[in-house]
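Visitor: Mind looking over this structure? Questions follow.
The values are calculated or read from the model by the stated rules, or taken from the named source; none is laboratory data. Please read all numbers here as calculations on a predicted model, not as lab measurements. When we count neighbours, we look across all protein chains shown, and the Cβ atoms used for this are built from the backbone with ideal geometry, even at glycine.
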Amino acid sequence: MIRLLKQGDYSLIETKGLTKILTLSYKGIFAWVNARGIGEILVSSEKNFPASYTLAQGKYRIYQVKDEDKLTDTIHLELFVGRGLWQGYLLITGLPTTEHRKSRILPTEEIITKSGGINLLLTPTQAPANY
């Protein structure tokens, strides 16, 4: 079973202090840090951060996966990175919450979304003129 839980816009920025910040519309703001001995984690934040650099922005999707061949049973986050490409991540304990502020994020080659992405969430007035 693959169930779409949430979708929207995301941005990934880097602050002056070289901290990556992932913002997911409808879900929150998360510092994306490399924790020594653990790996990459997301940390829940309620504060907006000024961006020094925008690393990426686009659409995201969050799926729940259970009992599917070739897919890990867990929460999957996919970020649209352009030209029909999605980057997949496994969120073993889900996204961080106010109660559980930290969560591991693991890159994966498991991709659920097969679409090119240009028309995923665009209304006709938002679509490029040459589309």
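Visitor: When you go through 113, 72 one by one, which is the residue that is of a type in the set (Val, Ile, Thr) and at pLDDT 95 or above?
Guide: 72
Visitor: Being in contact (Cβ under 8 Å) with a residue 24 or more places away in the chain, assigned to a loop (DSSP other than H, G, I, E, B) and either charged (D, E, K, R) or crowded, with 16+ Cβ neighbours inside 10 Å (or both) is the filter here; which residues of segment 67-77 pass it?
Guide: 67, 68, 70, 71
Visitor: Where the second residue is in a loop (DSSP other than H, G, I, E, B) and modelled with pLDDT under 90 and the first is over 16 Å from residue 91 (Cβ atoms) and lies in segment 17-39, which pairs have Cβ atoms under 8 Å and are six or more apart or on separate chains?
Guide: Once the first residue is over 16 Å from residue 91 (Cβ atoms) and sits in segment 17-39, its partners that are in a loop (DSSP other than H, G, I, E, B) and modelled with pLDDT under 90 give 19/49; 21/15; 21/49; 21/51.
Visitor: Give segment 78-94 a look and list any residue that's part of a loop (DSSP other than H, G, I, E, B) and among the hydroxyl-bearing types (Ser, Thr, Tyr), or say none.
Guide: The one that is part of a loop (DSSP other than H, G, I, E, B) and among the hydroxyl-bearing types (Ser, Thr, Tyr): 93.
Visitor: Given the conditions (1) out of contact with any Gly (no Cβ under 7 Å at 6 or more places or on another chain); (2) surrounded by 15 or more Cβ atoms within 10 Å (Cβ to Cβ), report the number of the one that residue 50 does not fulfil.
Guide: (2)
Visitor: What is the residue count in segment 21-66 for residues that are under 22 Å from residue 5 (Cβ atoms) and part of a loop (DSSP other than H, G, I, E, B)?
Guide: So the answer is 5.
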